[in-house]
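Asks: Dumping the structure here so I can ask a few things about it.
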Amino acid sequence: MFTDIVGYSAMINKDQTHALNLLVTHDKIIEPIIANYKGKIIKKIGDAIFAEFPDPLGSINTAIDVQSELLSRNTISEANDKIIIRIGLHMGQVIRKDDDLFGHDVNLCSRIESIAPRGGIAASRELINTIDENEKIMKREMGYVKLKNIIHPHQIYKVYVNSDDFDSDSDKKLQQNLLESGINIVDIDTFSIEETFSLGVLYINNLGDENDDSIAYNLTNEIIGDLEYIDTIRASNFNDINKFKNSDLQNTDIARKLEVDNILRGSFLKKGDEIELSFDLLDINQGNIIWTEKWTTAIVNNKKIRRKILHSITTKFDLELPNQLESYYSEEITLNSEALESYYKGKYISDFIKSNEDLKNGKNNLEKSIELDGEFVEAYSEYGLVCQRLGKYELAETNLHKAKEIATNKHDQQGLASIYNVLSILYKSQGKYGKSNEHMEKALEIQVGLNNKLKEASFRSNYASLLSYLNKLELALEQNKKAIKINESLEENHIMGPLYGSMTNTYIKIGDYSQAIEYGIKALGAFRKKEMVNFEARVLALIADTYLLIGDYSKMMEYMNEAEVILNDFNEPFLMGKLEFMQSRNCLNNGDYESSLEHIDNCIDLFEISEQKHFIIASYIEKQIILITKGEDAKASKLISKIEIIKNKIDNPQNRPIINILKLYLENKNIEAEFDFENIAGDFQTDIQLSYWYTAKYFLLNDQIDKAKIYQNKAIDILNKSAEKISNKKDREIFIKDEYFNKLIQEDIAKQQPETIDETPSEDAPSAVFAFCPSCGFKNENSFGFCPSCGNDLKQ
């Protein structure tokens, strides 16, 4: 049995004392239950417990009793006092050494725990098969799960705590929960087995002066980067490894956290221009060291060091170094030890920037490196990237082109691919998308030839982002799908969330909201699997927002409420503003106009705090529509000047024809005469159909029913074209029948006479004035009739 507290790292970061007290309570609850079923705790691993049992039924009953006890406790606990754990169960063979257990089945059990439901139990088929059918164990098959770095998929079951727990679930509901939790269920009949080796490179230990920490950082990163060229080795990414720097956990426990079967450990001591190195390779399944070596060499022999380490690893796994690596190792990156150390320091500082001062310090070290070795490609490339971050674009471009020239002369393909990628980033940051695209394509062309799949996926992801900026959405999808396929095959789960999220946003732009939701849920699962709570909340809000676009308000509220629970612990005014916008639309759909206005005002306040001008404008447009729906046109008119003021403060305002249409409608001006319908286009598809709709409303108000119907039909035509983009039939039907504005557009326009509210002021009432001057934006706090700044008439 393996157990683990959900979100414990976040608890520690938030309130360490409280988290430690909860851990004590957790142990007091679990330990007696384990003992009751004759279980033995092998060890505690931070917030986790590793235990063994003499019989399968005892382990299952322990798990059920533990979860039942915690469930009862959590029911009467405050949110920050709840203890939610996962439990994984398996049975198999073990190797006993020094009061510890090793073996493939031990590591398999640890992986099963990682995919157990929050507050739930996951068990292997091997364990479930031992249970007599007469035993009252309620279970449901999850399916064949591809556990990370376990070659064969395993059939896993969810074990339920009680009958209510079982009855409230279903096969369909379970599969949806697994999808939203990032659990990789595979079709066992079509699954292709691939022999691979998994490896975690622990952060290399610096035994000398702390000024040499940059060597440890760069060498660790470089070894991981080199391993990417070997298709059959799955190495943990640097960010995950960095979490265990200076960790008190045993290496075997770190390996289980990293979900790998082997650990590479290393240390060094720098003495002048030489470096003493010590490395070994640990097999976690056997608990044995399978390779170890110590040697001394010059620090400039950077590539020789890396080659020696990788050659030893591949030899143990009976593999060969790829030709690309052998070629790359043939020439050192520099022969000047001082230049190498300055480069290491510059890269180390700039990779961990906390301020512009750090960037400047990194820049100075990189400048020194280039002065010492004018042919140092990596130093030029990193220097260009730092200059780009500092906004020194010309300097960045000059140095990157210098690096490109040197790399070309050296036939350094790895260097060239990296330089073209950085140049693409540079041009994109300046809005030079054409040049950015040109360099990105060159970077990708070279990278594909180098056969480094992980870097290729990264470049394709960058390319997809660029294509999205260029509005080449179908091509962006194609590149993102290729990146996703590569990362899924490599089980690089840490970057799947952003990739799926990017797909969601692209499909929203295209208008296929069904596909957007599908990828949004995949993104949600990826972030939940990595316990990236803040990103989980963002994706929940994104999914809810997509359901708003479809018009499925019940689903929108379901995901919105989940997001709200998380966001209450974060200071995220922008996201809370989006949730208020959704609440407003839900109230509007239900005909509760007063509550809708209340939520939209809250939304505007939150967007103003987060300085999201585009969203402030969108909220004011929504408020205008609510007021028009209520028949309060005079109040809606007062928002025209506010929208204009905010719009004038935006450098590149989005094209929103609805702004002009509503202005003309509220001022009862001839929309048809004053608006160019021939060239109508906008950044929001809904804007176009609403623009036609309010034009129809204008003609209705002026008793021109025939013209009103013409423009209503144009709005309906655009609505139907938008619906065609939605791939799921059910979503398409909801979009046409239930989305608030789409319902409005399709109603018989002849019956759409708004209720009017008499807002005519009495003779004794003071004249209304603008709150802001429409001409110069002056804030009219004293209700002046004329603007004291520009003299404009402020009376309405």
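Results for (1) surrounded by fewer than 18 Cβ atoms within 10 Å (Cβ to Cβ); (2) assigned to a strand (DSSP E or B); (3) not assigned by TED's automatic domain parsing to the domain that holds Asp253, shown as yes or no for each residue.
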{"position": "Asp280", "(1), (2), (3)": "yes, yes, no"}
{"position": "Gln286", "(1), (2), (3)": "yes, no, no"}
{"position": "Ile289", "(1), (2), (3)": "yes, yes, no"}
{"position": "Thr292", "(1), (2), (3)": "yes, yes, no"}
{"position": "Thr297", "(1), (2), (3)": "yes, yes, no"}
{"position": "Val300", "(1), (2), (3)": "no, no, no"}
{"position": "Lys303", "(1), (2), (3)": "yes, no, no"}
{"position": "Arg307", "(1), (2), (3)": "no, no, no"}
{"position": "Leu310", "(1), (2), (3)": "no, no, no"}
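Asks: How many of the residues making up segment 357-401 are among the basic types (Lys, Arg) and at pLDDT 95 or above?
Replies: Initial filter on segment 357-401 (among the basic types (Lys, Arg)): 360, 363, 368, 389, 392.
Still in the list and also at pLDDT 95 or above: 368.
Selection size over segment 357-401: 1.
Asks: Could you tell me how many of the residues in segment 605-641 are surrounded by fewer than 20 Cβ atoms within 10 Å (Cβ to Cβ) and touching a Ser or Thr at 6+ places or on another chain (Cβ under 7 Å)?
Replies: 1
Asks: If Ser247 satisfies every condition in (1) modelled with pLDDT of 95 or more; (2) touching a helix residue (DSSP H, G or I) at 6+ places or on another chain (Cβ under 9 Å) but one, which is the exception?
Replies: With (1) modelled with pLDDT of 95 or more; (2) touching a helix residue (DSSP H, G or I) at 6+ places or on another chain (Cβ under 9 Å) applied to Ser247, the lone miss is (1).
Asks: State all residues of segment 531-546 that are in contact (Cβ under 8 Å) with a residue 40 or more places away in the chain and outside any helix (DSSP H, G or I); if no residue qualifies, say none.
Replies: Of segment 531-546, the ones in contact (Cβ under 8 Å) with a residue 40 or more places away in the chain are 531, 533, 539, 542, 546.
Scanning segment 531-546 gives a single hit, Glu531.
Asks: Right, another one. Please determine whether any residue of segment 518-528 is buried (at least 22 other Cβ atoms within 10 Å of the Cβ), over 19 Å from the mean Cα position of the chain (by Cα), of a type outside the set (Phe, Trp, Tyr) and modelled with pLDDT of 95 or more.
Replies: No, because not a single residue in segment 518-528 is buried (at least 22 other Cβ atoms within 10 Å of the Cβ), over 19 Å from the mean Cα position of the chain (by Cα), of a type outside the set (Phe, Trp, Tyr) and modelled with pLDDT of 95 or more.
Asks: Based on what the data block shows, is Lys347 surrounded by fewer than 23 Cβ atoms within 10 Å (Cβ to Cβ) and under 30 Å from the mean Cα position of the chain (by Cα)?
Replies: Numbers: surrounded by fewer than 23 Cβ atoms within 10 Å (Cβ to Cβ): no; under 30 Å from the mean Cα position of the chain (by Cα): yes.
Taking the combined requirement at face value, the residue does not satisfy it.
Asks: Another question, then. Please go through segment 44-53 and give me each residue that is at pLDDT below 95 and either part of a helix (DSSP H, G or I) or more than 22 Å from Ala10 (Cβ to Cβ) (or both), ordered by number.
Replies: Within segment 44-53, none qualify.
Asks: With the structure loaded, tell me whether Glu488 is assigned to a helix (DSSP H, G or I), at pLDDT 95 or above and not assigned by TED's automatic domain parsing to the domain that holds His401 or whether it fails that test. Steps first, answer last, please.
Replies: Working: assigned to a helix (DSSP H, G or I): yes; at pLDDT 95 or above: no; not assigned by TED's automatic domain parsing to the domain that holds His401: yes.
No, not satisfied.
Asks: Another question, then. Here's a check for you: in segment 196-218, which residue that is aliphatic (A, V, I, L, M) and assigned to a helix (DSSP H, G or I) is nearest to the chain's Cα centre (by Cα)?
Replies: Within segment 196-218, the subset aliphatic (A, V, I, L, M) is 199, 201-202, 204, 207, 215-216.
Okay, now just the ones that are also assigned to a helix (DSSP H, G or I), so 215-216.
On the way: Ile215: 31, Ala216: 29 Å.
If we take residues in segment 196-218 being aliphatic (A, V, I, L, M) and assigned to a helix (DSSP H, G or I), then Ala216 is nearest to the chain's Cα centre (by Cα).
Asks: Let me ask you something else. Return the residues of segment 389-412 that are among the basic types (Lys, Arg) and without any contact (Cβ under 8 Å) to a residue 60 or more places away in the chain; say none if nothing qualifies.
Replies: Just the residues of segment 389-412 that are among the basic types (Lys, Arg), to begin with: 389, 392, 402, 404, 410.
Once the filter is applied, which keeps residues that are among the basic types (Lys, Arg) and without any contact (Cβ under 8 Å) to a residue 60 or more places away in the chain, segment 389-412 yields Arg389, Lys392, Lys402, Lys404.
Asks: So Ile661 fits all but one of (1) within 29 Å of Gln515 (Cα to Cα); (2) free of Cβ contacts under 8 Å to residues at least 40 places away in the same chain; (3) buried (at least 21 other Cβ atoms within 10 Å of the Cβ); what number is the exception?
Replies: (1)
Asks: Follow-up. Is it fair to say Asp100 is in contact with a strand residue (DSSP E or B) (Cβ under 7 Å, 6 or more places away or on another chain), surrounded by 18 or more Cβ atoms within 10 Å (Cβ to Cβ) and at pLDDT below 95?
Replies: For Asp100, the condition - in contact with a strand residue (DSSP E or B) (Cβ under 7 Å, 6 or more places away or on another chain), surrounded by 18 or more Cβ atoms within 10 Å (Cβ to Cβ) and at pLDDT below 95 - is not met.
The values are calculated or read from the model by the stated rules, or taken from the named source; none is laboratory data. Here the structure is a predicted model, which means the values were calculated and not measured. No Cβ is skipped: glycine too gets one built from the backbone with ideal geometry, and neighbour counts run over all protein chains shown.
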